[in-house]
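The structure appears right after this line, and notes come after that.
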Amino acid sequence: MKKIETAGDLAINGAPPALAEPLHVGRPNIAGREVFMRLAEEIFDRRWLTNDGPLVHAFEQQVADYLGVGHCVAMCNGTIALEIAIRALELEGEVIVPSYTFIATAHALYWQGITPVFADIDPATHNLDPQAVRRMITPRTTGIIGVHLWGRPAPVVALGEIAGEHGLTLIFDAAHAFGCDHNGRKIGGFGHAEVLSFHATKFFNTFEGGAVVTNDDALAAKMRLMRNFGFSGLDNVIHPGTNGKMTEICAAMGIANFDHIETVVDANRRNYRAYQEALVDIPGVSLLEQDGVGGNCQYVVVEVGPDCRATRDEIVATLHAENVLARRYFWPGCHRMQPYRDIFPHAGLVLPHTEAVADRVIVLPTGTAVSVSDVAMVGAVVRQYVQIG
């Protein structure tokens, strides 16, 4: 079949013209400017820019209260937060993780001499399959890292049962899941600890930042030492540590954004519903359910099935030609990236669902920078391209 090759071809065939400004996946949500500027002035007046400042303390308390957990330990970014949690929990040997996740989940282990062992996912949810986790347990396994992918809760009960049966530590990478619910309970209090990301691309951001949340008092105290080189007071190092501290200016951004969480989520849900309408009845194109599952709808995830008249990569290329910068998350899977591709050259044999999902997913732009009319244009481009072939 003949396919459209350029934006001009689409315009000729009746689709909307390319956007003047690109639509990005993960374009930052900017809210609370007045509060942020006031807090920034206070930072300058105090001349306290970092090192466990008052705004970091205030932000940590806000997060802990919002999630209903005992402790929030704020960090400079989500990856360092994950690394510190892993080290504080004394993981070693092998830790089971999904391959279908952002590469930082695996790197946080490998960076510390721990082998990430990749388990397959449930193709319906894109989260870890508990039975696949069971199959990957060996005598060297010390832990499991579940990922709440797209903000949809991982199977926390089943993974908890497996961890308990085998004496394993259970952590959750909750980078996508701030503010999300599981059976009416906010994600953040499951497992031994959960790790958050407040990167600029997340729906709730602190410019750059992250945190570990936990109900374990001793673990929280240990991580507070570790994020500040192991210092306990002046000139008194009592634990190995690194520099994982959040700055005051990042905490100010988080505090300023807190009052606007529901506004941003409402915009995400509005756009999600608009995508439902824009993409309805396109053969072979389906939208992963997000609305109504306790999520923040910050990811609009489309699957392109084998019955579609266009491939996933053709649709992505066409959207890019129209200035819609859709993404192929998380293609091709961590196990096909370095160094894991060389370490586990045959990992794909036990990851059939991971590979299939990675080959069919497109993530589309959303957030406060995307309007309902933008969504309609994106849907029209996809529909036009798929139906013209």
Taking the criterion of being surrounded by fewer than 16 Cβ atoms within 10 Å (Cβ to Cβ), under 23 Å from Val302 (Cα atoms) and out of contact with any strand residue (DSSP E or B) (no Cβ under 7 Å at 6 or more places or on another chain), would at least one residue in the range 341-353 satisfy it? yes
Regarding Glu248, is this residue in contact with a helix residue (DSSP H, G or I) (Cβ under 9 Å, 6 or more places away or on another chain) and among the acidic types (Asp, Glu)? yes
Of all the residues that make up the range 304-328, how many are surrounded by 19 or more Cβ atoms within 10 Å (Cβ to Cβ) and closer than 23 Å to His24 by Cβ? 10
Anything in the range 271-304 that is within 20 Å of the chain's Cα centre (by Cα) and either basic (Lys, Arg) or outside any loop (DSSP other than H, G, I, E, B) (or both)? List them, or say none. Asn271, Tyr272, Leu287, Val300, Val301, Val302, Glu303
Of the candidates Ile187, Ile255, the one satisfying the condition of being out of contact with any helix residue (DSSP H, G or I) (no Cβ under 7 Å at 6 or more places or on another chain), aliphatic (A, V, I, L, M) and at pLDDT 95 or above is Ile187
Single residue of Phe172, Phe204 found to be among the aromatic types (Phe, Trp, Tyr), over 30 Å from Met37 (Cα atoms), assigned by TED's automatic domain parsing to the domain that holds Ile96 and in contact (Cβ under 8 Å) with a residue 12 or more places away in the chain: Phe172
Quick check on Thr214: is it outside the structural domain of Asp374 (by TED's automatic domain parsing), under 22 Å from the mean Cα position of the chain (by Cα) and either closer than 19 Å to Gly188 by Cα or surrounded by fewer than 18 Cβ atoms within 10 Å (Cβ to Cβ) (or both)? yes
Name the residue, out of Glu161, Glu165, Glu194, Glu208, that is among the charged types (D, E, K, R), at pLDDT 95 or above and surrounded by 23 or more Cβ atoms within 10 Å (Cβ to Cβ). Glu194
Which listed residue, of Ala321, Ala274, Ala267, is outside the structural domain of His57 (by TED's automatic domain parsing), in contact (Cβ under 8 Å) with a residue 24 or more places away in the chain and farther than 23 Å from Cys180 by Cα: Ala321
Unique match (being closer than 30 Å to Val265 by Cβ, out of contact with any Cys (no Cβ under 6 Å at 6 or more places or on another chain) and assigned to a loop (DSSP other than H, G, I, E, B)) among Phe207, Phe178: Phe178
As an exercise: evaluate Ala369 against (1) more than 18 Å from Ile282 (Cβ to Cβ); (2) at pLDDT 95 or above and give the number of the one condition it does not meet. (2)
Just give me the residues in the range 352-371 being closer than 11 Å to His24 by Cβ, under 17 Å from the mean Cα position of the chain (by Cα) and not in a strand (DSSP E or B), in sequence order. Pro365, Thr366, Gly367
Of the residues in the range 336-351, those that are part of a helix (DSSP H, G or I) and either acidic (Asp, Glu) or over 20 Å from Ala124 (Cα atoms) (or both) come to Arg336, Tyr340, Arg341, Asp342, Ile343, Ala347
Condition check for Arg383: under 30 Å from Ala108 (Cα atoms), modelled with pLDDT of 95 or more and not assigned by TED's automatic domain parsing to the domain that holds Pro130: no
Verdict on Asp120 being closer than 30 Å to Val265 by Cβ and of a type in the set (Asp, Glu): no
Is there a residue in the range 54-77 that is of a type outside the set (A, V, I, L, M) and under 27 Å from Gly333 (Cα atoms)? yes
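The values are calculated or read from the model by the stated rules, or taken from the named source; none is laboratory data. Predicted model only: the values in this text are computed from it and were never measured. Neighbour counts are summed over all protein chains in view; Cβ atoms, including those assigned to glycine, are modelled from backbone coordinates with ideal geometry.
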